[in-house]
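Peer 1: Questions regarding the structure given below will be posed in turn.
The values are calculated or read from the model by the stated rules, or taken from the named source; none is laboratory data. Because the structure is a prediction, the values reported are computed rather than measured. So basically every Cβ, Gly included, is an ideal-geometry build from the backbone, and we count neighbours across all protein chains shown.
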Amino acid sequence: MGGNVKKGERGTRIVYAGSISPKEEQDQQSEDMSERRIAFLKRFTVFNLEQIEGLPDDLFPTPAPIMQNRDSRDPQLDALFRAYGVKIVERDDGAFYSPATDTITMPRFESFTSGNAFYATLAHEASHSAGSTGRLDRDTLRQYGTSTAMRAKEELCAEISAAFLCAALGMAPTEREDHAAYLASWLTVLRGEKRAIFQAATAAQAASDFILAAAGVAPEQQAA
């Protein structure tokens, strides 16, 4: 298109994590083949538009993201999480998802520092619920109590998924009080398993996509 990277600019390495099945590779030659997914990673070096010269200024207008810091309840978000279909109970207790009852328990709205913090935490717990046996059947949720490492992997997945949901719904990600404790366990896992972050990101994308689809949020309705 006539542009080029400015002299001296350095690219940013990104990684795409995905999966493909042998069935897809072989054009579904046999419908009896068992479904087996093979994970793969692709690396790219990318440059921001500001690092490029020689392109028309108005060729790629950058939409301003719409972020809302909510100080009160948001009826639209309440309706969205209800539409997702997992029962949500607010009471004087912590925030957690129970696979046994398929219920999300949340502290009362008034106990949060902001509405944004409430919905960001709810997004985290909803992300756990998306991994239940009747939904995505995520290994890290099923084996949550078997080890500290497995718990860290599941929490990392839920936190990344919550960040995806916040972005899609126009919310700024909100820090949690337990982030310091989570980070310590995440770092232990990440140092020991080089692929852990990619596995978590792939599972997180699946969880956020599942929640948005179940709640009836189409891609074109998501925040820029």
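Peer 1: All but one of (1) crowded, with 21+ Cβ neighbours inside 10 Å; (2) not in a helix (DSSP H, G or I) hold for residue 140; which doesn't?
Peer 2: (2) is the only condition that residue 140 fails.
Peer 1: Which residues, taken from the stretch 5-47, are loosely packed, with under 11 Cβ neighbours inside 10 Å and at pLDDT 85 or above?
Peer 2: 7, 8, 10, 12, 13, 14, 42, 43, 44, 45, 46
Peer 1: Would you pick out the residues in the stretch 110-167 that are under 17 Å from the mean Cα position of the chain (by Cα) and among the basic types (Lys, Arg)?
Peer 2: 135, 138, 151, 153
Peer 1: Still on this structure, I have one more. Which one of 131, 115 is buried (at least 17 other Cβ atoms within 10 Å of the Cβ) and either farther than 20 Å from residue 212 by Cα or at pLDDT below 90 (or both)?
Peer 2: 115
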